1. If you take the residues of region 1-33 that are closer than 17 Å to SER67 by Cα and of a type in the set (Lys, Arg), which of them is nearest to the chain's Cα centre (by Cα)?
2. How many of the residues making up region 2-46 are surrounded by fewer than 19 Cβ atoms within 10 Å (Cβ to Cβ), more than 21 Å from ASP92 (Cβ to Cβ) and aliphatic (A, V, I, L, M)?
3. Please specify each residue of region 113-142 satisfying the condition of being assigned to a helix (DSSP H, G or I) and either touching a Ser or Thr at 6+ places or on another chain (Cβ under 6 Å) or buried (at least 18 other Cβ atoms within 10 Å of the Cβ) (or both).
4. What are the pairs with Cβ atoms under 8 angstrom where one residue, in region 25-51, is touching a residue at least 12 places away in the same chain (Cβ under 8 Å) and closer than 22 Å to ALA4 by Cβ and the other, located anywhere, is surrounded by fewer than 18 Cβ atoms within 10 Å (Cβ to Cβ) and of a type in the set (Ser, Thr, Tyr)? Sequence gap at least six, or different chains.
5. Every residue in region 104-150 that is among the hydroxyl-bearing types (Ser, Thr, Tyr) and more than 23 Å from ASP90 (Cβ to Cβ), please.
6. With respect to CYS44, is the statement that it is touching a Lys or Arg at 6+ places or on another chain (Cβ under 8 Å), under 24 Å from LEU142 (Cα atoms) and of a type outside the set (D, E, K, R) true?
7. Where in region 47-112 are there strands (runs of 3 or more DSSP E), lying wholly inside it, with at least 2 residues that are buried (at least 17 other Cβ atoms within 10 Å of the Cβ) and within 13 Å of the chain's Cα centre (by Cα)?
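Nothing in this text is a laboratory measurement; each read-out follows from the coordinates by a stated rule. None of the values given here were measured: they were computed from a predicted structure. FYI the Cβ positions are ideal-geometry reconstructions off the backbone, even for glycines, and counts take in every protein chain you see.
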Amino acid sequence: MLKAGSKAPKIDLLDQNGKRTTLSSFGKKKVLVYFYPKADTPGCTQQSCLLRDVAGEIGRTAIVGISPDSPAKQKKFGDKYALGFPLLSDEDHVVAKAYKVWKEKSMYGRKYMGIERSAFLIDANGVVTHAWYKISPKDTPLKLLEALGK
């Protein structure tokens, strides 16, 4: 698992507009990268909207959401809730695996692979300063604000 001081794994994915996005796309900004299981589901909507709502309080820190959804589904989700930040499509789970959030899950006795809701604050040098695995939707913006001293 990643922890504070770890080098952030590479991100190179398409956003909801089909634009290739990498960590270096954000220049010298801090970046909150959060992973969510599925666009436009209750928990993922709550998490994304709460992050949208604190975006004005986090200065130059960028917010980036990642899920296995297609760019078209990400666009529909982002537009529906006016999220205003990149939503990246990780359909092959390459980035989720690198961040150690692609996990075996279980529901009603059925086992399957999926995203473990997690968030990472990455500094301008590409180093993880905070790693929150199994974070709840409502705690994501609170932990971000706390980490930024807000």
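1. Here the residue is LYS10.
2. 1
3. Residues of region 113-142 that are assigned to a helix (DSSP H, G or I), as a first pass: 139-142.
The answer is THR140, PRO141.
4. Qualifying pairs under 8 Å: LYS30/THR129.
5. Going residue by residue through region 104-150, those that are among the hydroxyl-bearing types (Ser, Thr, Tyr) are 106, 108, 112, 118, 129, 133, 136, 140.
If the condition is that a residue be among the hydroxyl-bearing types (Ser, Thr, Tyr) and more than 23 Å from ASP90 (Cβ to Cβ), then TYR108 is the only one that fits.
6. Details: touching a Lys or Arg at 6+ places or on another chain (Cβ under 8 Å): yes; under 24 Å from LEU142 (Cα atoms): yes; of a type outside the set (D, E, K, R): yes.
Yes.
7. Numbers: elements: 62-67, 87-89, 102-107.
Passing ranges, in order: 62-67, 87-89.
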